[in-house]
Amino acid sequence: MAEQKKEFFWKYESVLDHDITPEQFKAITGCSWERRFEYLQIVVNSPYAGASDICLLYGGRYGRPRNENVCNKYSALAAKAPMVMDYCY
């Protein structure tokens, strides 16, 4: 059987590529299911930006059994995400 190429839901990988339910999406991101495309445009703006939310999804909370290997994998990827800081003067 030929291996299928994995396609991301968006340009970069996000929690939406991991069979997340609307309830889990709301708990992890704080966004309603109806605003998921806005979440993708604003939050998932670099190759590793969605990894921290994926890590939370597999971390054993939010109605999904804990998968430590996957959680650790995305935790390491999340550390590569560019950090954005806002300053107010």
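The values are calculated or read from the model by the stated rules, or taken from the named source; none is laboratory data. These numbers come from a predicted model, not from an experiment. Reconstructed Cβ throughout: ideal geometry from the backbone, glycine too, with neighbour counts over all protein chains shown. Remember, those area values only see protein heavy atoms, side chains included, never the ligands or the DNA or RNA. Shrake-Rupley method; radii C 1.70, N 1.55, O 1.52, S 1.80 Å.
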task: Subtract the Cα-Cα distance of GLU23 and GLU38 from 0.36 nm times their separation in residues, and report this length gain in nm to one decimal.
output: 3.7 nm
query: In the range 1-80, what is the volume of the convex hull around the alpha carbon atoms, normalised per residue and reported in Å³?
result: 108 Å³
Distance between modelled label sites at CYS31 and ASN72, nm, 7 Å Cα→Cβ extension: 3.0 nm
message: Could you put SER52, SER14 in order of accessible surface area, largest first, with the 1.4 Å probe and the full protein assembly present?
response: SER52, SER14
